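**Student:** Following this message is one structure expressed as structure tokens.
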Amino acid sequence: MISGRILADRRAAWITGVGLVALTLVGQFARLAEPDMGYMLYAAGRLLDGAKLYRDVVDINPPPIFAFNLPIVWIARVTHVSDIQLYRLVTVLVVGAVLLFVRRLLTHYLLPERPVERHYVLLLLTFVLLPLAREDFGQREHLVLALLLPYLAIVIARLERPSPATGDAAIAGALAGLVVALKPPFALPLIASEAWCRWRSPDSRMRPTPEVSALAVVVCLYLVVVLTVTPDYLRLVGTLGQAYTTYLRVAPLNLILFAPGAPLTAFALLAAIALRGERRHDEARSVVSVAMVGCFLAGVAQQKGLRYHFYPSLALATVLLGLVATACSEGVTKSGRTYRRVASWAAMAVVIVTLGSAGLDLFGGSGSDRRLRAEFGTLLATVRMHARGEAIGVLSYHMGSAFPLINYAGVPFASRFPCLWILPASYWEALSGEAPIRYHEPAEMGAPERMLTRAVAEDLVRARPRLLLILRPFPDRRPYGFRRLNYVAYFGRDPMIAALLARYQRITGVGQYDIFERVDSDTTRVEAAPSPVVLPVREAASSERPPVIDGGLLAGLAIFVAIAWASGVKTFLAWRGRYN
């Protein structure tokens with residue numbers, strides 16, 4: 001996949017790696033911020049201004065990701081630079097620091113006398129941590145994968161017998177502890193890789209290692225901090241945990257079969273099993289395989305089907321394909337050689353699609369990306385013109401309705417929640433049913449729904465937002481999914497919110513949103529107030545589920561077929577030249 005000349009030349013390998021970093025950064029700078037990134041930065045800003053986490057800023061994410069964003073926002077304010085661009089730069093620096101540590105582990109323990117293979121592995125890891133991340137860049141799962149890699153390197157080193165130094169092992173274990181703190185489900189790949197190591201090394205099954213000890217210490221310290229500094233987090237999880245489990249829920253079997261990257265993950269595992277007779281790097285392939293499966297199951301355990309939940313398993317599958325593609329033929333069965341060849345095609349397809357997508361980002365993205373960006377630009381211009389620096393309120397189930405709009409507009413957000421996800425979670429069964437939705441009376445509401453309605457009323461009355469953005473409802477029929485929710489009809493049942501809505505008038509509609517402006521006492525109303533009336537549908541129904549097959553996957557399949565065809569033609573011509 002990578003030219004042997006580049007791998008053999010240390011300077012060329014470094015230039016290639018720096019090129020991947022530069023391509024990622026420039027591509028990220030050209031993209032709009034993802035909703036999660038925008039919200040976390042906004043929330044960190046609120047905390048710096050004195051807001052209380054899990055009371056004034058209510059989110060189900062654990063404390064470490066907010067702690068990660070705090071210094072970034074503080075530095076951005078002091079230096080007057082964009083917090084979004086600074087976040088991207090800091091993420092690259094964190095990933096780069098981890099890669100340098102992995103390079104140290106490779107140099108001292110895994111591939112000390114094999115510079116070509118070492119350069120190959122480092123470039124492969126750079127590729128999966130930077131260009132491959134793309135829309136998952138900066139997500140918790142992106143950081144989780146980076147922090148997980150040193151631990152896997154230590155496990156491989158122990159299986160291959162060169163005992164790593166205590167300090168290096170302890171650092172890898174501490175980084176793995178941060179994995180658990182950032183995203184608890186990803187304890188699964190750590191447990192799986194450690195169990196594999198103990199099973200493969202019977203003499204060390206009961207012996208504590210520095211990495212395990214450091215991991216345990218970090219996790220214990222994290223729990224102590226949560227209990228003493230942010231005890232509200234545990235109470236919030238107790239209140240909203242069941243609702244969050246329900247929201248966007250996908251059956252585990254469907255995820256196993258159709259989750260993002262599931263086919264590539266399954267094929268990479270089969271290829272690694274087929275090459276088990278090839279002794280060189282067998283332990284590395286086995287550990288990566290175990291960790292990949294653990295990451296995939298961690299994604300399944302979250303029951304959401306979101307791409308970034310499966311980014312670590314997709315990335316490790318790409319790494320595994322890269323290792324399989326460079327395996328030797330000695331001791332490998334015929335089926336193993338076939339898997340190796342197909343793995344190289346698949347890896348090349350992933351690289352071509354990823355680098356092509358990154359290059360496309362530099363020129364504004366695909367046609368759909370440009371249309372979304374243009375619509376966002378119109379929405380942003382409208383908010384900046386009419387909000388005039390005052391707060392805006394957003395009634396929508398989707399975080400992308402408010403973020404990164406709030407960040408780019410530079411206005412306050414009139415809600416303690418990033419979005420109203422609790423509402424569809426509270427009507428999950430009804431949204432998929434044929435009957436019209438019957439909204440709960442106060443006595444029928446569960447704790448999450450009561451919490452939401454009370455918070456929305458308090459936040460809107462206190463903030464008196466200049467603008468209200470309301471996601472336009474569709475007819476209350478099954479095909480329209482979450483868009484069946486009528487926010488004016490639902491919240492208008494509360495007398496406090498109904499009185500507040502009556503003080504707004506519609507000024508325009510942009511895309512999926514109706515925009516309303518506050519009518520002050522000295523302003524004459526010229527347009528209608530928010531109404532629960534559902535207008536005829538003028539846009540196609542949108543699905544809340546991610547598509548099973550996206551454009552990237554289709555492009556990858558096309559490129560894979562083209563590479564396979566070219567390889568087959570080359571083999572046929574070589575065979576014909578030999579025997580004719």
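**Student:** Since residue 327 meets every condition but one in (1) surrounded by 21 or more Cβ atoms within 10 Å (Cβ to Cβ); (2) touching a Pro at 6+ places or on another chain (Cβ under 9 Å); (3) not in a helix (DSSP H, G or I), which condition does it not meet?
**Tutor:** For residue 327, the exception is condition (2).
**Student:** If you scan region 485-496, which residues turn out to be of a type in the set (A, V, I, L, M) and modelled with pLDDT under 95?
**Tutor:** Within region 485-496, just 496 meets the criteria.
**Student:** Quickly run through region 249-307 and pick out the residues that are within 22 Å of residue 158 (Cα to Cα) and among the β-branched types (Val, Ile, Thr).
**Tutor:** 273, 287, 288, 290, 293
**Student:** Another one. List, please: which pairs have Cβ atoms under 6 Å, are six or more places apart or on different chains, and start with a residue in region 230-257 that is under 19 Å from residue 307 (Cβ atoms) and end with one that is exposed (fewer than 14 other Cβ atoms within 10 Å of the Cβ)?
**Tutor:** none
**Student:** Moving to a separate point now. Regarding residue 228, is this residue surrounded by fewer than 22 Cβ atoms within 10 Å (Cβ to Cβ) and hydroxyl-bearing (Ser, Thr, Tyr)?
**Tutor:** Details: surrounded by fewer than 22 Cβ atoms within 10 Å (Cβ to Cβ): yes; hydroxyl-bearing (Ser, Thr, Tyr): yes.
So residue 228 passes the test.
**Student:** Next question. Taking the options 473, 465, 436, name whichever one is in the same structural domain as residue 418 (by TED's automatic domain parsing) and either within 28 Å of residue 238 (Cα to Cα) or in contact with a Gly (Cβ under 8 Å, 6 or more places away or on another chain) (or both). Reasoning before the result, please.
**Tutor:** Working: 473 fails: either within 28 Å of residue 238 (Cα to Cα) or in contact with a Gly (Cβ under 8 Å, 6 or more places away or on another chain) (or both); 436 fails: either within 28 Å of residue 238 (Cα to Cα) or in contact with a Gly (Cβ under 8 Å, 6 or more places away or on another chain) (or both).
Going through 473, 465, 436 in turn, just one is in the same structural domain as residue 418 (by TED's automatic domain parsing) and either within 28 Å of residue 238 (Cα to Cα) or in contact with a Gly (Cβ under 8 Å, 6 or more places away or on another chain) (or both): 465.
**Student:** Could you please let me know if residue 117 is among the charged types (D, E, K, R) and within 21 Å of residue 149 (Cβ to Cβ)?
**Tutor:** Yes, satisfied.
**Student:** Would you mind stating whether residue 255 is buried (at least 18 other Cβ atoms within 10 Å of the Cβ) and either of a type outside the set (Gly, Ala, Ser) or out of contact with any helix residue (DSSP H, G or I) (no Cβ under 9 Å at 6 or more places or on another chain) (or both)? Break it down into steps so the answer makes sense when it comes.
**Tutor:** Details: buried (at least 18 other Cβ atoms within 10 Å of the Cβ): yes; either of a type outside the set (Gly, Ala, Ser) or out of contact with any helix residue (DSSP H, G or I) (no Cβ under 9 Å at 6 or more places or on another chain) (or both): yes.
Against the criterion (buried (at least 18 other Cβ atoms within 10 Å of the Cβ) and either of a type outside the set (Gly, Ala, Ser) or out of contact with any helix residue (DSSP H, G or I) (no Cβ under 9 Å at 6 or more places or on another chain) (or both)), residue 255 qualifies.
**Student:** Of the residues in region 73-87, how many are surrounded by fewer than 20 Cβ atoms within 10 Å (Cβ to Cβ), in contact (Cβ under 8 Å) with a residue 24 or more places away in the chain and either under 19 Å from the mean Cα position of the chain (by Cα) or not assigned by TED's automatic domain parsing to the domain that holds residue 33 (or both)?
**Tutor:** Final tally of qualifying residues: 1.
**Student:** If residue 159 passes every condition in (1) farther than 25 Å from residue 89 by Cα; (2) crowded, with 23+ Cβ neighbours inside 10 Å but one, which one does it miss?
**Tutor:** (2)
**Student:** Only one of (1) assigned to a helix (DSSP H, G or I); (2) at positive phi fails for residue 248. Which number is that?
**Tutor:** (1)
**Student:** Here is a further query. In region 331-449, which helices (runs of 4 or more DSSP H) lie fully inside it and hold 1 or more residues that are surrounded by fewer than 19 Cβ atoms within 10 Å (Cβ to Cβ), of a type in the set (Lys, Arg) and free of Cβ contacts under 8 Å to residues at least 24 places away in the same chain?
**Tutor:** Values: elements: 334-361, 367-387, 405-409, 422-426, 428-431.
The qualifying helices (runs of 4 or more DSSP H) are 334-361, 367-387.
**Student:** Restricting attention to region 124-133, does a residue exist that is surrounded by 20 or more Cβ atoms within 10 Å (Cβ to Cβ), among the small types (Gly, Ala, Ser) and within 30 Å of residue 61 (Cβ to Cβ)?
**Tutor:** Checked against the condition, which is being surrounded by 20 or more Cβ atoms within 10 Å (Cβ to Cβ), among the small types (Gly, Ala, Ser) and within 30 Å of residue 61 (Cβ to Cβ), region 124-133 yields at least one hit.
**Student:** Conditions: (1) in the same structural domain as residue 272 (by TED's automatic domain parsing); (2) within 30 Å of residue 509 (Cβ to Cβ). Residue 378 meets all but one. Number of the miss?
**Tutor:** Result: residue 378 passes all but (1).
Each row is one residue, and each column tells you yes or no for (1) at pLDDT below 85; (2) exposed (fewer than 11 other Cβ atoms within 10 Å of the Cβ); (3) not in a loop (DSSP other than H, G, I, E, B).
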residue	(1), (2), (3)
474	no, no, no
480	no, no, yes
505	no, no, yes
515	no, no, yes
525	yes, no, no
555	yes, no, yes
563	yes, no, yes
570	yes, yes, yes
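The values are calculated or read from the model by the stated rules, or taken from the named source; none is laboratory data. The shown structure was predicted, so the numbers you read here are calculated from the model rather than taken from an experiment. Here Cβ is always computed from backbone atoms with ideal geometry, including for glycine, and neighbour counts include all displayed protein chains.
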